[in-house]
Amino acid sequence: MSEHTSTVIWRRGAAEAFTDNRYNRAHDWKFDGGAEVRASSSPHSVPVPMSDASAVDPEEAFVASLSSCHMLWFLSLAAKRGFVVDEYQDDAVGVLEKNGEGRLAVTTVTLRPRVTFAGGEATLEELEALHHAAHEACFLANSVKTDIRLEIG
């Protein structure tokens, strides 16, 4: 077992009434390794200027976390199977919509990994096997109800 920590800090601006629901949603994420990230509600949910469009929103972070977890497992499995990966890029997309219970949720995340190997490409069967194993091993994919799809390119 391991624990993972983060600190989320938000402060009300001095001129913000708060109870009118027109306060700024920008805040900071601090991680145990020292990284700090500016975060905010999505401007798709809460309009600017109450959201900071340049900050990471929780929905984006969720999609990136799933993509990153999958990639890290893929790289580890590829190395163990003797493949040398030069580059891995995933243009992942999450869909926020009402789920079966009528609640807003990220219902689908589609991963679109493109992998460049040194010394030639893996076969489609090898790629599919690596991606399947990475999906099965990903801690985050194992933790959520979201439908995670792969479009191998």
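The values are calculated or read from the model by the stated rules, or taken from the named source; none is laboratory data. Fair warning: this is a prediction, and the values are worked out from it, not measured in the lab. In this analysis, Cβ positions are derived from the backbone assuming ideal geometry, glycine residues included, and neighbour counts consider all displayed protein chains.
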**OP:** Output the residue which, of all residues in the stretch 133-147 that are touching a Cys at 6+ places or on another chain (Cβ under 7 Å) and part of a loop (DSSP other than H, G, I, E, B), is nearest to VAL106 (Cα to Cα).
**Re:** LEU140
Original post:
From the list ALA134, ALA53, ALA92, ALA64, which one is at pLDDT 95 or above, under 28 Å from TRP29 (Cα atoms) and touching a strand residue (DSSP E or B) at 6+ places or on another chain (Cβ under 7 Å)?
Top reply: ALA92
Subject >> Whichever residue in the stretch 95-130 is at pLDDT 95 or above and touching a Phe, Trp or Tyr at 6+ places or on another chain (Cβ under 7 Å) and, among such residues, is farthest from MET71 (Cα to Cα) >> reply: VAL106
Original post:
Restricting to the stretch 117-132, what's the tally of residues that are exposed (fewer than 11 other Cβ atoms within 10 Å of the Cβ), of a type outside the set (A, V, I, L, M, F, W, C) and not in a helix (DSSP H, G or I)?
Top reply: 3
**OP:** Would you confirm whether any residue within the stretch 63-70 is in a loop (DSSP other than H, G, I, E, B) and crowded, with 17+ Cβ neighbours inside 10 Å?
**Re:** no
**OP:** Would you mind finding the one in ASP52, ASP86, ASP20 that is assigned to a strand (DSSP E or B) and over 16 Å from the mean Cα position of the chain (by Cα)?
**Re:** ASP86
**OP:** Can you give me the number of residues within the stretch 31-52 that are free of Cβ contacts under 8 Å to residues at least 40 places away in the same chain and either in the same structural domain as ALA92 (by TED's automatic domain parsing) or more than 21 Å from GLU16 (Cβ to Cβ) (or both)?
**Re:** 7
Subject >> The listed residue being closer than 21 Å to VAL144 by Cβ, surrounded by 12 or more Cβ atoms within 10 Å (Cβ to Cβ) and among the small types (Gly, Ala, Ser), out of SER42, SER51, SER2, SER6 >> reply: SER42
**OP:** Determine whether the stretch 23-39 contains at least one residue that is under 28 Å from GLU136 (Cβ atoms), over 16 Å from the mean Cα position of the chain (by Cα) and of a type outside the set (A, V, I, L, M, F, W, C).
**Re:** yes
**OP:** Scan the stretch 72-83 for residues that are surrounded by 12 or more Cβ atoms within 10 Å (Cβ to Cβ) and either assigned to a loop (DSSP other than H, G, I, E, B) or in contact with a Gly (Cβ under 9 Å, 6 or more places away or on another chain) (or both) and jot them down.
**Re:** ARG81, PHE83
Subject >> Subset of the stretch 23-39 (residues that are exposed (fewer than 12 other Cβ atoms within 10 Å of the Cβ) and either in a loop (DSSP other than H, G, I, E, B) or touching a helix residue (DSSP H, G or I) at 6+ places or on another chain (Cβ under 7 Å) (or both)) >> reply: ASP32, GLY33, GLY34, ALA35
